[in-house]
1. Output the residue which, of all residues in region 665-694 that are modelled with pLDDT of 90 or more and of a type in the set (Gly, Ala, Ser), is farthest from GLY551 (Cα to Cα).
2. Across region 244-281, what is the total count of residues that are closer than 22 Å to ILE116 by Cβ, of a type outside the set (Asp, Glu) and either modelled with pLDDT of 90 or more or not assigned by TED's automatic domain parsing to the domain that holds ASP115 (or both)?
3. Any idea how many residues of region 505-536 are outside any loop (DSSP other than H, G, I, E, B) and either of a type in the set (Phe, Trp, Tyr) or at pLDDT 75 or above (or both)?
4. Being under 24 Å from the mean Cα position of the chain (by Cα) and surrounded by fewer than 17 Cβ atoms within 10 Å (Cβ to Cβ) is the filter here; which residues of region 390-424 pass it?
5. In region 346-369, what count of residues is obtained for those that are surrounded by fewer than 18 Cβ atoms within 10 Å (Cβ to Cβ) and over 12 Å from LEU107 (Cβ atoms)?
6. Of the residues that make up region 310-319, is at least one assigned by TED's automatic domain parsing to the domain that holds PHE143 and either in a loop (DSSP other than H, G, I, E, B) or in contact with a strand residue (DSSP E or B) (Cβ under 8 Å, 6 or more places away or on another chain) (or both)?
7. Name the helices (runs of 4 or more DSSP H) wholly within region 604-698 that hold at least 2 residues that are in contact with a helix residue (DSSP H, G or I) (Cβ under 8 Å, 6 or more places away or on another chain)?
8. List pairs: first in region 541-553 and at negative phi, second of a type in the set (Asp, Glu), Cβ under 7 Å, 6+ apart or cross-chain?
Amino acid sequence: MSDEELAKDLGPLAALTIGVGTMIGAGIFVLPGQAAGEAGPVIAISFIVGGVISLFTALSASELGTAMPKAGGSYYYVNHALGPLFGSIAGMGNWIGLAFASAFYMLGFGDFLVDIVGVPGVDLFGFSLSSIQIAALVAGAVFVAVNYVGAKETGRLQNIIVITLVAILTAVTVIGFFSADLSTLRPFAPAETGGYGAILPGTALIFVSYLGFAKITTVAEEIKNPGRNLPLAIVGSVVIVTIMYAIIMVVLMSVENWKTLATIPSPVVHVAEISFGNLLGLAWLGGGLIVFAGLLATASSANASILASSRINFAMGRDKLITAKLNEIHPKFATPYRSIVVTGAFILAFIAYGNVEVLAKAGSVLHLVVYGLMNLGLIVMREADPEEYDPDFTVPFYPLTPILGALLSFGLITQMKPEEIQLSLVFIAVGLGWYLFYARTRADKQGILGQYILSRRDDMPKAAVSAADSVAPDGGDYRVMVPLANPKHEKDLITLASALAKQNDGTVIATHIVTVPDQTTLEHARDNVDALDGTNDDLLEAAREDAETFGVDVETHTIISHRAFEEVFDAARTYNADVCVMGWGPHSHGRAESRVDELTSEVPCDFLVLKDRGFDPDHLLVPTAGGPDSDLSAAVARDLREEYDSTVELLYVRDDDESRDDAGEFLANWAVDHDLKDAEFTIEDGDVEEAIERRARDATMLLVGATERGLINRLLGGTLVMDVVDDVDCSVLLAEKKRRRSLKERLLGSE
């Protein structure tokens with residue numbers, strides 16, 4: 001079964017409503033009673049403080065998201081910047097934090113459901129479950145099942161839900177204003193709740209209301225034009241709900257005294273009934289609208305959280321921090337069913353626990369840890385300044401913004417109760433232990449922070465270097481990616497890739513890029529992939545069967561894209577390929593990348609481009625004059641020799657002013673350095689192209705390094721590779737090693 005990449009099918013409104021919809025569901029329908037009892041009228045300021053704290057992290061998330069629009073959101077940013085140790089903590093924090101939040105939303109859903117349907121409580125083996133918990137457990141099981149079989153909210157449905165919620169809340173607020181008595185807000189900061197000192201504890205309680213904006217980053221890979229739309233969605237959702245929360249809370253406590261509000265089971269319903277009854281004589285309408293909106297909001301929020309958790313697991317699996325088996329796709333429903341079941345089990349267990357306030361705060365603690373790490377990750381990315389970090393949006397007032405974001409996030413945790421902090425720390429400890437005892441031996445991605453420290457060993461404190469060494473990933477297998485397009489060449493490309501994977505104890509990743517016109521949406525293409533490309537399943541199944549004859553692990557992936565050749569490089573990054581084996585195509589011009597890509601980016605891994613005239617590794621010809629690309633040719637020749645007992649012939653064409661003895665010494669030393677001392681040595685004089693063509697007559701495969709000539713020189717005078725490839729009868733394998741080249745080298749060539 002092949003994977004499918006995430007399509008960019010979310011517009012700005014759909015992205016905005018992911019955040020707004022989740023935050024509305026969490027905050028204003030479930031917490032007003034507890035919040036009023038926690039702080040009194042001053043709780044309105046707590047909501048504003050929560051929004052301000054969120055805004056700092058929202059700005060950091062916007063920059064990171066525009067630089068790295070990847071599935072996994074905040075987890076991915078922490079893992080990439082700070083490394084897999086912190087990535088494991090962030091992944092566990094996000095995953096379980098979403099499970100806490102989902103249980104919290106489901107209990108809110110159960111509360112509203114009980115207002116409509118009589119649900120009895122249950123006593124089982126001395127363990128009591130209230131009617132609200134029973135309703136929440138049933139609803140939670142239904143939502144887990146819905147996600148299991150693959151039904152989901154579409155962007156249009158999410159838009160409708162959020163617009164409906166905003167309209168109902170606006171109506172209740174406006175009508176409530178006519179029944180409001182501002183004198184009920186006095187004293188604004190009552191002494192019995194701690195006065196103004198209750199603001200931060202109140203913020204700790206209601207902060208779960210602001211977790212929605214982070215969910216937007218988990219679908220950043222699917223947002224159209226993320227450079228513009230992601231910051232608008234993240235920052236916009238925080239600003240919108242903060243204003244709404246503050247106004248609504250003031251109106252609620254103006255209609256009904258905060259002390260009474262704290263004792264009522266459904267305070268928002270109660271206030272709506274009073275307001276609609278006073279102004280319109282329709283108390284039932286106000287209560288009914290709120291119950292309907294509450295059911296809609298909590299259900300939407302819970303469903304979005306379950307969906308977001310599976311995306312985080314997908315991203316962690318891609319980085320090898322969890323087993324790929326957890327993300328296995330259901331053969332019928334095409335969903336990550338195992339991940340959904342495990343997440344669902346946690347959600348149901350938390351519902352059975354039943355303490356709404358503890359669930360809200362525990363979810364907040366885990367997310368605040370992630371938010372703090374994400375702000376630190378932004379600082380690391382800015383200071384290390386890796387070449388690939390090029391955000392379309394940058395935070396204002398750097399570094400003050402991320403520093404405050406980190407301090408405020410970590411600082412708010414101190415306002416939680418010990419029970420809530422301890423419950424969250426258990427899962428953080430599990431994430432830490434999981435990395436040290438499981439993921440570290442499998443992960444192969446070093447974070448930017450670790451790279452930065454270890455590349456400057458002599459300048460860094462010894463303690464920092466030692467810490468970076470001790471937690472650095474030391475696992476990960478050798479990954480050989482094969483983009484497949486033409487069924488006629490599938491077998492030879494997979495055979496070559498499998499031989500390399502076998503010799504390096506690695507994995508073959510077979511990918512098939514289904515290209516669709518710009519006029520066709522990727523979402524439509526994903527739903528109709530068989531009609532668009534009937535060879536997809538057969539091609540990948542043949543690749544799997546051919547690779548498995550070598551006894552190597554195989555992954556297959558279908559990638560749906562508006563691009564073809566360019567998508568190969570993105571896929572190599574996505575699947576952490578060490579080497580990519582691809583067929584010779586119209587783009588081939590002496591290097592693996594296209595001419596445009598050569599000027600704008602680096603190849604993401606080593607590349608081997610096969611001009612396939614039949615796969616026969618019996619006699620391998622490896623011309624060399626030194627250099628990194630020849631190093632790669634030698635490594636491939638060595639692997640093929642071990643797999644097929646091939647004859648390896650090394651060819652060196654000496655310059656006119658170079659003696660044969662010097663040429664022989666160079667070739668012998670080069671062979672020893674590359675573990676090819678038993679190869680046949682050939683030294684030729686004269687024109688390099690002609691010498692290669694002569695020796696290739698007896699070879700079955702020519703392994704040649706990518707050209708070192710710059711783009712301008714090649715456009716004017718061609719390349720040796722292109723001159724040779726059509727003049728020899730054997731297959732040609734172009735080798736290009738991943739390395740940095742300056743713009744001058746790209747244009748004018750390497751010396």
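1. It comes out as ALA668.
2. Residues that pass the stated criteria total 7.
3. Taking region 505-536 first, the residues outside any loop (DSSP other than H, G, I, E, B) are 507-515, 522-527, 529-532, 536.
Among the residues that remain, those that are also either of a type in the set (Phe, Trp, Tyr) or at pLDDT 75 or above (or both) are: 507-515.
Counting residues in region 505-536 that are outside any loop (DSSP other than H, G, I, E, B) and either of a type in the set (Phe, Trp, Tyr) or at pLDDT 75 or above (or both) gives 9.
4. Quick first cut of region 390-424, residues under 24 Å from the mean Cα position of the chain (by Cα) only: 390-395, 401-403, 405-406, 409-410, 424.
Those that are under 24 Å from the mean Cα position of the chain (by Cα) and surrounded by fewer than 17 Cβ atoms within 10 Å (Cβ to Cβ): ASP390, ASP392, THR394, ILE403, PHE410.
5. 1
6. First, pick out the residues of region 310-319 that are assigned by TED's automatic domain parsing to the domain that holds PHE143: 310-319.
With the extra rule that they be either in a loop (DSSP other than H, G, I, E, B) or in contact with a strand residue (DSSP E or B) (Cβ under 8 Å, 6 or more places away or on another chain) (or both), the set shrinks to 319.
Looking for residues that are assigned by TED's automatic domain parsing to the domain that holds PHE143 and either in a loop (DSSP other than H, G, I, E, B) or in contact with a strand residue (DSSP E or B) (Cβ under 8 Å, 6 or more places away or on another chain) (or both), one finds at least one in region 310-319, hence yes.
7. On the way: elements: 628-644, 660-673, 688-696.
Because the criterion is at least 2 residues that are in contact with a helix residue (DSSP H, G or I) (Cβ under 8 Å, 6 or more places away or on another chain), the helices (runs of 4 or more DSSP H) in region 604-698 that meet it are 628-644, 688-696.
8. ALA542/GLU490; ALA543/GLU490
The values are calculated or read from the model by the stated rules, or taken from the named source; none is laboratory data. The shown structure was predicted, so the numbers you read here are calculated from the model rather than taken from an experiment. Note that each Cβ is placed from the backbone with ideal geometry, even for glycine, and that neighbours are counted across all protein chains shown.
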